[in-house]
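The values are calculated or read from the model by the stated rules, or taken from the named source; none is laboratory data. Predicted model, so just to flag it, every value in this text is computed and none were measured. Note: ideal-geometry Cβ built from the backbone for every residue, glycine included; neighbour counts use all protein chains shown.
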Amino acid sequence: MTRKLVLGALAAAAVLALTAGAASAADGSPCGAQVRQSWSPEPVQQCPLTAPLSNGWVPVYAQPVGHAAGAPVPGPAGWLHGTSGQYFVCQQQFGGAEYVHPRGWRNNWWARTKSDDGVWGWTPEVFFSGGNNDEADAGLRACGSGGQEPSGPVGGGLPPVGGGSSGPVDAYRYDYAHGCTTGPSAGAKALLAWLKKNYQGSSDGIYNCRKVRGSTKSFSLHAEGRAVDYHENAGTRAGKALGDKIVRTLLASDRAGNANALARRMGVQEIIWNRHIWTADHAKQGMQPYDGVDPHTSHVHIGLNWPGARMQTSFWRG
């Protein structure tokens with residue numbers, strides 16, 4: 001659980017302590033007291049984290065997975081967006097899943113949590129502050145202790161996310177609109193139902209026979225009934241958080257490392273939210289600045305390609 005780069009005299013002292021037969025270094029940054037959070041039915045503890053990956057985030061894996069020094073970092077099921085204010089339910093040791101941090105320290109202890117993408121999973125304790133290699137956090141309770149089991153299967157995978165979060169993923173595809181149909185597509189209606197089931201908000205509409213706002217030539221995906229506008233207010237803290245969460249969920253990598261997994265399985269070809277846009281034909285660029293006439297600060301716009309609109313992609317086929 002060594003996460004901080006120890007230099008100079010500290011490093012020398014650590015080496016001397018180890019050669020002298022010392023058992024382990026004391027954890028100077030243990031997790032805090034148990035508290036209640038609305039997202040967890042069990043008590044959670046705030047744990048100091050450090051040294052996130054290059055994107056500034058800390059990975060959450062559906063199940064513990066080994067990572068050797070110098071190997072590509074496995075694709076996580078979700079992310080903790082930063083190192084401050086992060087809570088965990090419990091910890092457990094997985095001898096066959098030692099995780100080596102890109103900076104070199106290692107640990108086979110894992111902490112149970114729920115990612116900021118809404119995915120239950122495990123974070124390797126190489127991202128915890130303080131402690132030593134392959135050492136448990138000094139403050140975090142053990143999984144199964146305290147009379148309660150952590151939510152979700154301990155040491156196991158999570159159930160597939162709508163249509164499966166493993167196996168082949170649908171190819172990127174972008175279909176431009178060419179005119180007006182007669183109403184909402186089946187896929188757009190199903191997408192709206194999925195949004196209402198999973199996120200507080202409301203519909204701002206699907207079908208609208210019109211051009212893209214500010215254009216006299218290009219038809220909107222709404223004209224073909226292939227886009228959902230889901231009302232969230234980016235001007236409020238709660239609304240922005242919900243809109244951001246929808247976008248993160250759609251564009252997150254799955255447990256196999258497939259980028260934008262849910263979006264691809266649903267047949268999503270574009271997302272516009274809060275002055276930013278993502279499109280399937282430029283997927284690797286991620287969310288990019290958007291300067292269209294409508295800044296999309298009052299709703300998340302989600303457009304489907306034709307297979308998605310016809311419910312022919314893997315998510316809808318189940």
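Quick notes
- Every residue from region 281-318 that is in a loop (DSSP other than H, G, I, E, B) and either surrounded by 19 or more Cβ atoms within 10 Å (Cβ to Cβ) or among the small types (Gly, Ala, Ser) (or both): GLY286, GLY292, HIS296, SER298, ASN305, MET311, THR313, GLY318
- Test for TYR230: is it under 16 Å from ILE271 (Cβ atoms), touching a Gly at 6+ places or on another chain (Cβ under 9 Å), of a type in the set (Phe, Trp, Tyr) and surrounded by 17 or more Cβ atoms within 10 Å (Cβ to Cβ): yes
- PRO160 being modelled with pLDDT under 90, over 28 Å from PRO41 (Cβ atoms) and not polar (S, T, N, Q): no
- Condition check for ILE272: in a strand (DSSP E or B), of a type in the set (Val, Ile, Thr) and within 24 Å of GLY75 (Cβ to Cβ): no
- Qualifying residues in region 288-312 (those that are in contact with a strand residue (DSSP E or B) (Cβ under 9 Å, 6 or more places away or on another chain) and of a type in the set (Val, Ile, Thr)) - the one farthest from ARG173 (Cα to Cα): THR297
- Region 214-227, residues that are surrounded by fewer than 23 Cβ atoms within 10 Å (Cβ to Cβ) and either outside the structural domain of GLY286 (by TED's automatic domain parsing) or of a type in the set (A, V, I, L, M) (or both): ALA223
- Elements of the type strands (runs of 3 or more DSSP E) sitting completely within region 24-109 and holding at least 3 residues that are crowded, with 22+ Cβ neighbours inside 10 Å and either touching a residue at least 60 places away in the same chain (Cβ under 8 Å) or touching a strand residue (DSSP E or B) at 6+ places or on another chain (Cβ under 6 Å) (or both): these cover 58-60, 78-80.
- Looking only at region 77-125, and only at residues there that are aromatic (Phe, Trp, Tyr) and touching a helix residue (DSSP H, G or I) at 6+ places or on another chain (Cβ under 8 Å), the one that is farthest from ASP27 (Cα to Cα): TRP79
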